[in-house]
Structure formats: structure tokens, C-alpha cells
């Protein structure tokens, strides 16, 4: 009787509000381990690397607030936000986890990175598809990025997350994420994504996705 009345375990995917390059984080919601919505939001804050505490989960398209763990639907997607305005889930993020696009992910998106120049809010992010042969060699990846990014200080010495955390190995790089290319200078924490996500960026990714989808066998 106790087993039948136990709350079901739910699998959900959570995205960062307003970040079109974040590939989403999967959560297993078990109310025996996470008893309240507040506790789950704290877990989300830590797991997705949110710059501020997550206060609300929204449905991805309509922006409806999820107020209780019981309202979470297994297999669904949600957007995590603080006190800022809700932003509809970006086209690229939706395709990253849909079944129709999954066959394309190993070939294309496993190596897709977006890289900002450190301290440069005028230049849009550079896109890199890292060859499989380089995916375990951070030094070669930095050399590849150096050729295209052209920092004022010279070679790219390290990649940092948007929060300034240095990437110490190639294995830490995650597909679909944004990074900042840093030379010998210190990392400059700026609102890169907020200022540079534009309609042009959306058109670029829409074209990229459509090209991938055309190559998926029937």
C-alpha cells in the first residue's frame, strides 16, 4: 500500500532562462529525496550554474509558472529563472533534446562550441566544430581557437565559462555551451550572452539545424 501511494519519480530537462547556448540539464525528481519545490530549485541553481538563485520554473513556450513538484510532468522541459522576465526557449535548445534531431547530434553537435573574445562585447561569438581527433587535446583546441579568434594579447591561453571558471581539460568542454577565450590577461566577467543574442544568431542556428535535419535518413 505504501509503495502504491509513493510519489512517482519524474525525469525533466531544465534550461537557463535567456541562454540559447545552454544544452539543458536532466534531473531525476524523487520526492523522497527532494521533498519541496524550494529544495528542488536550490538543486537546479547549483546544477545548471545559474549566476543567481533560481526562483521559478516556467513551461518553455507559454511561460506558465510551475509552483509545485506535483505539477512537474515527466519527460517535460522547463526554463529556470530568477527574478528576471521569462524568455521563451530558443529553437536550438528545443532541437538539442528532441527525438527528431537526436540522430544528428553525434556527428555535429558533440563538438559544437561558441567562443567569445574576452572583454569584447562588440564581436559575436565564434562557432567551432571541433574535429573528433582533437576532442581530447585541450592544447590543440586552444591553438585552433587562436587562429580564428585573434586576441589582442596573442594566443588563447585558456577557455573560461561565462562565470570565469577555467577549463582544465578537454573533457570538461560541453557541447552547445558558450566559453570565453582568454590570453595572458585576467578574465573579464561581462554579460556576453545577454548583449549578443540577436536575430542574426537565431538565423544562423536555424540554418545550421535545418542543414542537419536534411541529412537525417528517413
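The values are calculated or read from the model by the stated rules, or taken from the named source; none is laboratory data. Quick caveat: nothing in here was measured; it's all calculated off a predicted structure. Positions of Cβ are generated from backbone atoms using ideal geometry, with glycine treated the same way; all protein chains shown enter the neighbour counts.
When segment 102-122 is examined, which residues are found to be modelled with pLDDT under 85, touching a strand residue (DSSP E or B) at 6+ places or on another chain (Cβ under 9 Å) and part of a loop (DSSP other than H, G, I, E, B)?
Answer for segment 102-122, where residues must be modelled with pLDDT under 85, touching a strand residue (DSSP E or B) at 6+ places or on another chain (Cβ under 9 Å) and part of a loop (DSSP other than H, G, I, E, B): just 108.
Which members of segment 125-152 meet the condition of being in contact (Cβ under 8 Å) with a residue 60 or more places away in the chain and either assigned to a helix (DSSP H, G or I) or crowded, with 16+ Cβ neighbours inside 10 Å (or both)?
Of the residues in segment 125-152, the ones in contact (Cβ under 8 Å) with a residue 60 or more places away in the chain are 125, 127.
Within segment 125-152, 125 is the sole residue that qualifies.
Out of segment 170-198, which residues are in contact with a helix residue (DSSP H, G or I) (Cβ under 8 Å, 6 or more places away or on another chain) and modelled with pLDDT of 90 or more?
Just the residues of segment 170-198 that are in contact with a helix residue (DSSP H, G or I) (Cβ under 8 Å, 6 or more places away or on another chain), to begin with: 170, 173, 175-176, 178, 180-181.
Selection gives 180, 181.
Among the listed residues 92, 14, 54, 28, which satisfies the condition of being within 30 Å of residue 114 (Cα to Cα), within 14 Å of the chain's Cα centre (by Cα) and at pLDDT 80 or above?
Values: 92 fails: at pLDDT 80 or above; 54 fails: within 14 Å of the chain's Cα centre (by Cα); 28 fails: within 14 Å of the chain's Cα centre (by Cα).
Answer to the check: 14.
Being within 18 Å of residue 193 (Cβ to Cβ) and loosely packed, with under 14 Cβ neighbours inside 10 Å is true for just one of 122, 159, 173, 112. Which residue is that?
The match here is 122.
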